[in-house]
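Peer 1: Please read through the structure below; I'll follow up with questions.
The values are calculated or read from the model by the stated rules, or taken from the named source; none is laboratory data. Just so it is clear, the structure is predicted and the values come from calculations on it, not from any experiment. Here the Cβ positions follow ideal geometry from the backbone for every residue, glycine too, while neighbour counts run over all protein chains shown. For the accessible areas, the whole protein counts, side chains as well, though only heavy atoms, and no ligand, DNA or RNA atoms are used. Shrake-Rupley method; radii C 1.70, N 1.55, O 1.52, S 1.80 Å.
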Amino acid sequence: MRLTIIGSGAMGSQIAMVSALSGHDVVLYDLDPDAPARAVTSLRHRLDRQVDKGRRSREDVDAAFARLGVVSDLESAVADADLVIEAVVERVSVKRDLFARIGRVCPQHTVLASNSSSIVPSKLADASGRPDRFCNIHFFNPALVMKGVEVVRGQETSDATMTTAVEYVEGLGKQPIVLEKEIFGFVANRVLNAVRDEAISLHEGGYASVEAIDAACRTALGYPMGPFELMDLTGIDIGYHSKTERYAETGDPADRPSRSVTELVEAGHLGRKTGRGWYTYETAGD
Ligand code: 3HC
């Protein structure tokens, strides 16, 4: 299959890489023309380490990079795509503008998907002009590693589109988690966000430190990471933007981003990618 990934951040670049490693021809596009090259360099380092550890063969990795191209013009990037996956900032208006442009130029048969972590397909699908060929394919961070991928049916998504999406996910060796009915935040993030919000509330209430709450989740509950470590991994801005948009829509105080998260985002401390979030890191990056 020919895939186009829009957005070369941590999610977009790793989705591109897992797809290329599974034999798909992949085009990576980003609004920032320098971003895909930086992403490919970072992927090279990561995959080189996997070769060194004997996890993958050098031939497979080289073949995958040969299938991964970078195109700097959106219209050319989607011109031959069978499947387009968008992984840009969590803003409905940005995504709708993008899908309107893509829907006008990509082939008739092309399936469009958003990797949004919370925005339901029906908020975006009509902008693309092809709501039947639109769904959400939601990967988890780090996408090279995490097995589960949510496939979300929008109100007008066709059965054929769902089949394409599920078969694509299975072809990556991942586990499709199918939502037949859309809901804000889908399944995994709704559960995760409940834990995250409780952790933030305990911290803001002065009951325990960030370190202690993370340690409780790791050592008492068996989580691979604590909620603060995880926010630093996924990007504190992702949850912030999602909540900001949700709050604007619902007006429900429970949907308002918390004080401490807002302070971190306003200070530019977005997690590992900026070198500082809830914790401080020696180097910035994923
Ligand atoms: N990117 C890519 N690969 C990574 C990575 C990253 N940022 N961090 C670690 N890895 C890889 C390593 O290369 C290693 O690969 P290998 O087994 O082939 O050598 C493997 O993951 C294990 O890494 P480590 O041994 O260094 O570390 P851990 O055993 O602690 O695993 C982890 C790291 C996989 C991130 C693990 O801590 C974990 O599962 N954490 C929870 C992640 C999670 O919950 N993700 C979902 C977040 S929610 C989300 O993404 C929704 C979104 O919409 C915001």
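Peer 1: Looking at residue 40, is it assigned to a helix (DSSP H, G or I) and either under 20 Å from residue 85 (Cβ atoms) or touching a His at 6+ places or on another chain (Cβ under 7 Å) (or both)?
Peer 2: yes
Peer 1: Further question: Looking at (1) buried (at least 16 other Cβ atoms within 10 Å of the Cβ); (2) at pLDDT 95 or above; (3) under 20 Å from the mean Cα position of the chain (by Cα), which is the one condition that is false for residue 225?
Peer 2: Status for residue 225: all satisfied but (1).
Peer 1: Say whether the condition of being away from the ligand (no atom under 13 Å from the Cβ), open to solvent by 30 Å² or more (accessible area, probe 1.4 Å) and within 28 Å of residue 96 (Cβ to Cβ) is met by at least one residue in the range 52-71.
Peer 2: Yes; the residues of the range 52-71 include at least one that is away from the ligand (no atom under 13 Å from the Cβ), open to solvent by 30 Å² or more (accessible area, probe 1.4 Å) and within 28 Å of residue 96 (Cβ to Cβ).
Peer 1: Looking only at the range 211-220, which residues are farther than 16 Å from residue 197 by Cβ and more than 25 Å from the chain's Cα centre (by Cα)?
Peer 2: 211, 212, 215, 219, 220
Peer 1: For the range 238-261, indicate whether the set of residues that are open to solvent by 30 Å² or more (accessible area, probe 1.4 Å), aliphatic (A, V, I, L, M), farther than 24 Å from residue 150 by Cα and touching a helix residue (DSSP H, G or I) at 6+ places or on another chain (Cβ under 7 Å) is non-empty.
Peer 2: no
Peer 1: Could you list, in sequence order, all residues of the range 218-234 that are free of Cβ contacts under 8 Å to residues at least 12 places away in the same chain, within 10 Å of the ligand (Cβ to nearest atom) and outside any helix (DSSP H, G or I)?
Peer 2: Within the range 218-234, 223, 224, 225 meet the criteria.
Peer 1: Within the range 144-184, which residues are within 16 Å of the ligand (Cβ to nearest atom), of a type in the set (Val, Ile, Thr) and farther than 30 Å from residue 39 by Cα?
Peer 2: Listed by number, the list holds a single entry, 183.
Peer 1: Filter the range 235-274 for residues that are of a type in the set (A, V, I, L, M, F, W, C) and assigned to a helix (DSSP H, G or I) and give the result.
Peer 2: The answer is 236, 238, 248, 254, 261, 264, 265.
Peer 1: Related question: Scan (1) within 19 Å of the chain's Cα centre (by Cα); (2) assigned to a helix (DSSP H, G or I) for the single condition residue 286 breaks and write down its number.
Peer 2: Every condition holds for residue 286 apart from (2).
Peer 1: Let me ask something else. Name the pairs: first residue in the range 98-116 and within 30 Å of residue 240 (Cβ to Cβ), second residue at pLDDT below 95 and open to solvent by 10 Å² or more (accessible area, probe 1.4 Å), Cβ to Cβ under 7 Å, at least 6 apart or on different chains?
Peer 2: 116/90
Peer 1: So residue 191 passes all but one of these: (1) assigned to a helix (DSSP H, G or I); (2) open to solvent by 70 Å² or more (accessible area, probe 1.4 Å); (3) more than 12 Å from the ligand (Cβ to nearest atom); (4) more than 19 Å from residue 88 (Cβ to Cβ). Which condition number does it fail?
Peer 2: Unmet condition: (3).
Peer 1: Just give me the residues in the range 23-37 being in a loop (DSSP other than H, G, I, E, B) and open to solvent by 50 Å² or more (accessible area, probe 1.4 Å), in sequence order.
Peer 2: Our first condition is that a residue be in a loop (DSSP other than H, G, I, E, B); within the range 23-37, this holds for 23-24, 30-34.
Across the range 23-37, the qualifying residues are 31, 32, 33, 34.
Peer 1: What pairs come up if the first residue lies in the range 191-217 and is among the charged types (D, E, K, R), the second is not in a helix (DSSP H, G or I), and their beta carbons are under 6 Å apart, counting only those six or more places apart or on different chains?
Peer 2: Qualifying pairs under 6 Å: 214/226.
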